[in-house]
Amino acid sequence: MKKFIVLFTGLLLGAMLSVNAQVSTNKIPVSSDVKIGTLPNGLKYYIRHNEKPENKVELRLVVNAGSILEDDDQQGLAHFLEHMCFNGLSHFPGNELVSYLQSIGVGFGNDLNAYTGFDQTVYILPVPSDDKEKLDKAFTVISDWASGVLLTDEEIDKERGVILSESRLGKGADDRMMKTWLPLMLNGSKYSNRLPIGKDEIISSFKYETIRRFFKDWYRPSLQAVVVVGDMPVEDAEKLIIEKFSAHKDPANARKRPETFELKPFSASQAVVVSDPEADMTYVSIVGNPRPQPKTLTEADYLNDVVDNLAYAMIYSRLDEKVSSATPPFIFAYAYNGGWARGYESFSGVAACSPDGIKEAVQALVVECIRAKQFGFTENELERAKATVLSQYEKQYNERNKTESGRLVNEYVNNYLESEPIPGIEWEYNFVKDHLKDISLSNFDAVRKTIDIDQSYFCYVTTKTSDKNPTNEMLKSWVDEALKSDIKPYVEKQIASSLLKSEPTPGAIVKTERNEKLGTITYTLGNGAIVSIKPTTFKNDEIVFKGSKLGGYSTYTGKDYQSAQFSNNAVDEMGYGEFSSADLTKFLSGKNVSVSPVVDDYTENVSGNCGVKDMETMFQLIFLKCTEPRKDVDAFGSFITRSKQQLLQVKDNPENLFSDTIYNVLYQNNPRAHRISSPSDYDKINIDNAIAFYKDRIGNPKGMYYTFVGSFTEEQIKPLIEKYIGGIPAGKSEAKYVDLGFSTKSGKNSFTLNKGSEQKAKLVHFYTKAAKYDVEDVFILQQLTSVINTRIVDTIREKMSAIYGGGFYGSVRKFPKEELLMQSNFPCSPDNIVAVNETFLRLVEETKIPGNITENDWKRVREPALETYKVNIQKNNYWMNNLQAAYINGTDPERILTVEQRLNAITPAKLCEIAQKYFNGVSIQTNYWLPESK
C-alpha cells in the first residue's frame, strides 16, 4: 500500500487491538515475488521478474542522498550532480550516453530520466530486455551512475546554463512568497534552505572540486540500491549486479549519513499573510505541529494506515460537499497528514479561494477539520469510505499478473528509502478485505486527536498584493474565532437508492460488421449511434470507452455562446436525475467507474472507464448523463461563483497573460480565441440555454461513434449497448460543425509582451499553412518533429546551455479546415532569447536541405518510436484513442497494425521531402515574452 499518511503507532495501538488482537505484533511479510540481497560493500538490490510489458526491464539506481546533505557551499549541487550523470560517464564520455540509449530505443525525458529530492536521488532507465548486449550495457550505465561520473570541467561549465534555465522556470510569485512562509513553517529546520534547485549564485560559480566532493562523500554503495523489475530472469539480473557493482567501495572515513534532521514544534500559534503583485491564486493553509513518523512494520501498523486513509477520505468528502453549496466558502479544499521532512509528519489543511473570501475560507476549513475531531464520522460515511478503499485494493488485486513493471518498481524504491512495506498486492488485498469490516467509528479516536490545530498551528495565506488584504493579526484572529466557535455534529441527507428512476427501453441493432484483423465488432443502432467494441486480454479488470461526434459549441447560434461553451461544466456541477454532484459521488462510492461528457469547440464526446463488475453501472451512467441533466439554481450559482473566483487573478501571472494573448493575436482578435476565459464570461451563461444545448448535443445519440475496449465478451456487453445506448432517444441535431472563422495572418509576424519582474523570458512560434490532410504525411511529420526536437536538445540545450526544456509540436488538422498548425515553446533567459530564436529557425530550415538528416539522426528517433509502439499496442487506451481518431478523421483504422512497417519504411530523404512540403511557404508568428523594462 502506498503510505500517504502515517500516524504515531503508540497512540493507535490500543484502538487497533480492539479491531483484531492478532494483528498487533505480526510482522508484515515481504513478498516472495521479489529477491532482495546486499553485496559485501553494502549495496542493496531488489529483483523481480515481471512480463508486463514483454521484453522490457525497468532499472533504477536509488541513492539515499539528496539536497539535505549539501554543505553550505553546495546548495543545488545534489541536483546538479543528477544532471551530470547524463554528461559524461566512465564508459560513455561526453554526450554519448543519450545518443547510445536513443539508438537502442530509449527516449530522453520520456524514458531515460532522474529526479532529486531532499533526501534521495533516483535514476530511471527502462531498456529492451531481448538483447543481452543491450542489457549488459544498461547495467554498465547504472554502475557508472553509482561510481563512474566523470565530472569534467568542460561538461560542468556547459551544464551551468541548463540548471540556471531550470531554476528560472520556477521563479515568479509562488517562489517569492514561498521564501517567506517556508522558513516559518519549517521552524528553522535545515530543510527550509535546502530546496533541491539550490541557489543561482552557487550554481553559476561553484568550484569544480565542490561538486566532486559531494559525489565522493555521498555516492557510495552503502547509500545505494539497485532495483530491477521486468522481463528478464532473476538470476541473470543478480549476476549482472554482482559483476558491475561489487568493485565499488565506500570512501575511507566516510561521512555519517544522518537518518533525520530535526524539525522543531511551534512554540506558539502564528499566522502570516504573504502577497505578491503577480500572484494568480489565493490559498489558505493551516499546519499542525510536526511529530515523529513511525515506520509501518507490523500488521497493526498497516491497519493504522488504513484507518488514517479512511479518515482523510471522509474529511475530503465533507470539504468537497461545501464546494457545491449555494455560497461556497472556497474553490476547493483538502486535508492530509504528511510533511516535507523525512521522519516527520503533521496535520495540514489547504483551501483555494477568492482574494476577498479569505476569512470565509479559513474559518470553513478550520471548522470542518475540528468538527471531525470533536464528533468523528457517521456510519454511512464510514461504509462509503470502506467501499472505496476496498474497491481500490480489489482492482490492483485483479490486475496482479498484468501490472506494468514501471508501477511495481516504485514500491521497492520506497521500501529502500522509507521502509514502505512490500508484502505484495495479494497479501494486502486479503488483509484489508479480512479486517476492513472490523473497523468501527471508535477506531478513529486516535487519528482525530492528531488534528491538533486547536493546540498550536502555523497558518499562512498567499495572495495578490492589495490594501484590502488582512493583516497577520486579523488572520490569526479569524482562525482563533473559528476554533472557539460552537460547532455542531455533521448531518447528511439521504440520497436516492438507484441511478435511474425507470429502466430505458432497449433499442435495436440494425447492422453488425466484424473486422477480423482489428478484432472489432461494430453495431449500428436504430437511434443513429454507432458502437465499436474490441474485447482484449491486456488487462483483467479494465474497460475504457469514448463516444465522439462532430459539432461542439461551434454549432451554437446565440450571442451567449458561453452557455454552449461551458454547458457540460455547468450541468456536471448541477448533477443528473435525482442526484446532486456530491450525492452522485457518494452513491458511486466503492464502484470503479467514471463517465465524463465534454462539449468541445468542434466536437462533443462522452468518455470513461470501469472495472468488470461495474460495467452495467457505467452504462447506466452513460444513459443518465446523456438524458437527465438536472437543473439546480443553487448549484449553478455555486459553479459561477467558484469559476469567477478562480479566474480573478489568473492573468496577473505574466506567463498566463502571455499564453492567452498570443493565441488571440494568432487568430486576429477573434472574440472566441482565448486559452483562458475571463470572469465576465461566466456572467453570460444562461442556465436554461446551457441545459438545452447540452441535451441537443450530448443527449442526441445520432452520429455518435462509441468505442469500447477491454475486459469483456460480446455476450456480456451487447445487451448493455442495446439497452443503455440504444435506449437514448434520437434528437434532431446533426453531427456537423460550423467553422468559427479563426483565421491566421499570413507571412512573418511578431508580437512582444513586456510583463513581469523576474528576469525570465519565453519564446513561442506558431507555424501555420493551408495544407490538405494526408494521414501518412501526418505520421511522417510527427517523426520529423521528433528529429527536430532531438536537435533542439543537442544544440539549444546541450551546446548552448540556453534552455532546460522546450520543443516543437503540432500537426496537420482536418477540421474546421485543413491546415498545418505547429507551435514551439522555449522558456529561456532574456539575454539569450534572440540566439534561441535564430537557432531554432535554422534547425527547422536545415531539415529541408537534402542530406541534412542523416541515418543516425533518424535512428535516434525511429528506435524509441518502435519500442514505444510495442508497449502501446498492448494497451486498451491506445486502441480506443486510435480507433476514435480514425473514425473522426475518416482514415483506415487498420493503420494501427502497420506502425512498425511504416516506421521502418521512412528514410531520411522522405523526412526531408516532408520538411520541404510543409515548411516551404509557411507563415510564422514569433512571440516574445520579456520582463518589464526597469
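Roughly to the nearest percent, how much of the accessible area of the chain is carbon and sulfur, given a 1.4 Å probe?
49
Could you give the length gained by full extension between Lys256 and Thr854, i.e. 0.36 nm per residue of separation minus their alpha carbon distance, to one decimal place? Let's see the in-between values first.
Working: separation 598, 0.36 × 598 = 215.28 nm, distance 5.05 nm.
Roughly 210.2 nm would be gained on extension.
Using all Cα-Cα distances in the range 851-934, what percent lands in each 5 angstrom bin from 0 up to the longest?
Using 5 Å bins, I get a P(r) of 3, 11, 15, 14, 15, 15, 12, 7, 4, 3, 2, 0 for the range 851-934.
Using alpha-carbon pairs under 8 Å, 6+ residues apart, how would you state the relative contact order of the range 570-635 in percent?
Taking the mean separation of contacting Cα pairs over the length of the range 570-635, I get 44 percent.
Could you run the Debye sum over the Cα atoms of the range 880-929, one equal point scatterer each and no solvent, and tell me log10 of I(q)/I(0) at q = 0.15, 0.19, 0.27, 0.30 Å⁻¹, two decimals?
Rounded to two decimals, the profile gives -0.71, -0.86, -0.93, -1.00.
For the range 54-188, what is the number of Lys pairs with C-alpha distance below 30 angstrom, counting only pairs 8 or more positions apart or on separate chains?
Step by step, the pairs that qualify in the range 54-188 add up to 8.
Quick one: length gained pulling Gln901 to Lys799 fully straight, 0.36 nm per residue minus the C-alpha distance?
33.3 nm
Counting only the backbone N, which residues of the range 392-436 are under 19 Å from the spot 7 Å out from the Cα of Asn55 toward its beta-carbon?
404-406
Name the residue farthest towards the positive end of the dipole of the chain from the options Ala326, Ile725, Cys369, assuming +1 on Cβ of Lys and Arg, -1 on Cβ of Asp and Glu, about the Cα centre.
Result: Ile725, furthest along the dipole toward the positive end.
Along Cα→Cβ, 7 Å out, is where each label goes; now give me the distance between the ones at Ser90 and Thr868 in nm to one decimal.
3.4
Could you work out the Rg to Rh ratio of the range 748-930, with Rh taken as the Kirkwood radius (inverse of the mean 1/r over all Cα pairs)?
Details: Rg = 17.5 Å, Rh = 17.7 Å.
Ratio of gyration radius to Kirkwood radius: 0.99.
Could you tell me the center-to-center distance, by alpha carbons, between the range 124-139 and the range 298-372 in angstrom?
So the two Cα centres are separated by 44 Å.
Which whole-number percentage describes the relative contact order of the chain, with Cα contacts under 8 Å and a sequence gap of 6 or more?
Normalised by residue count, the contact order of the chain is 15 percent.
Which residue, chosen from Ala300, Ile286, Phe261, occupies the Cα position most advanced towards the positive end of the dipole of the range 247-313, where the dipole is computed from +1 (Lys, Arg) and -1 (Asp, Glu) charges on Cβ about the Cα centre?
Phe261
Leaving out ligands and nucleic acids, and using a 1.4 Å probe, what accessible area per residue does the chain come to in Å²?
40
Running Debye on the range 35-246 with equal point scatterers at the Cα sites and no solvent, what base-10 log of I(q)/I(0) appears at q = 0.14, 0.18 Å⁻¹?
The computed values of log10 I(q)/I(0) come out as -0.86, -1.26.
Please name which of Gln562, Pro597, Thr641 has its Cα lying farthest along the dipole of the range 560-641 towards the positive end, using unit charges on Cβ (Lys, Arg +1; Asp, Glu -1) and the Cα centre as origin.
In the range 560-641, that residue is Pro597.
What is the ratio of the Cα radius of gyration of the chain to 2.2 N^0.38 Å, with N the residue count, to two decimals? Before the final figure, lay out the partial values.
On the way: Rg = 28.8 Å, N = 934, 2.2 N^0.38 = 29.6 Å.
Cα-based Rg divided by the globular estimate yields 0.97.
If I take every Cα pair under 8 Å that is 6 or more residues apart in the range 595-674, average their sequence separation and divide by the length, what percent do I get for the relative contact order?
Reported relative contact order: 14 percent.
If each of Thr512 and Gln759 carries a label point 7 Å out from its Cα toward its Cβ, how far apart are those two points in nm?
Taking the two extended label points, one gets 7.1 nm.
Can you tell me the FRET efficiency between Asn670 and Glu894 if r is taken as the Cβ-Cβ distance and R0 is 51 Å, rounded to the nearest 0.05? Intermediate values should be presented prior to the final figure.
Working: r = 38 Å, r/R0 = 0.75.
Working from the Cβ atoms, E equals 0.85.
What's the extension gain from Tyr208 to Lys910 if we count 0.36 nm per residue and subtract their Cα-Cα distance? Let's see the in-between values first.
Details: separation 702, 0.36 × 702 = 252.72 nm, distance 4.54 nm.
Extra length available between Tyr208 and Lys910 comes to 248.2 nm.
Go through Trp145, Trp478 and list them by solvent-accessible area, largest first, probe radius 1.4 Å.
Correct descending sequence by accessible area is Trp478, Trp145.
Given a Förster radius of 30 Å and the C-beta distance between Ser477 and Asp175 as r, what FRET efficiency does 1/(1 + (r/R0)^6) yield to the nearest 0.05?
0.55
For the range 466-508 and the range 621-691, write down the distance between their C-alpha centroids in whole Å.
Comparing the Cα centres of the range 466-508 and the range 621-691, I get a distance of 23 Å.
Using a Förster distance of 60 angstrom, determine the FRET efficiency expected from the C-beta separation of Ala835 and Leu297, and round it to 0.05.
After rounding to 0.05, the efficiency reads 0.60.
Separation between the Asn401 and Asn920 pseudo-spin-labels, each 7 Å from Cα along Cα→Cβ, expressed in nm?
The modelled label-to-label distance comes out at 5.7 nm.
Return the whole-Å distance between the Cα centroid of the range 887-934 and the Cα centroid of the range 429-459.
Cα centroid to Cα centroid, the span is 53 Å.
Let me know the Kirkwood hydrodynamic radius for the range 496-595, please, with Cα pairs as the basis and the value in Å to one decimal.
Details: mean 1/r = 0.0573 Å⁻¹.
For the range 496-595, the Kirkwood estimate is 17.4 Å.
Under a Cβ-Cβ cut-off of 14 Å, what is the net charge of the residues other than Gly590 that fall near it, where Lys and Arg count +1 and Asp and Glu count -1?
Local charge sum for Gly590: +4.
The values are calculated or read from the model by the stated rules, or taken from the named source; none is laboratory data. Quantities reported herein were computed from a predicted structural model and do not represent experimental measurements. Note: ideal-geometry Cβ built from the backbone for every residue, glycine included; neighbour counts use all protein chains shown. The area values use the complete protein model at the heavy-atom level, side chains included, leaving out ligands, DNA and RNA. Shrake-Rupley method; radii C 1.70, N 1.55, O 1.52, S 1.80 Å.
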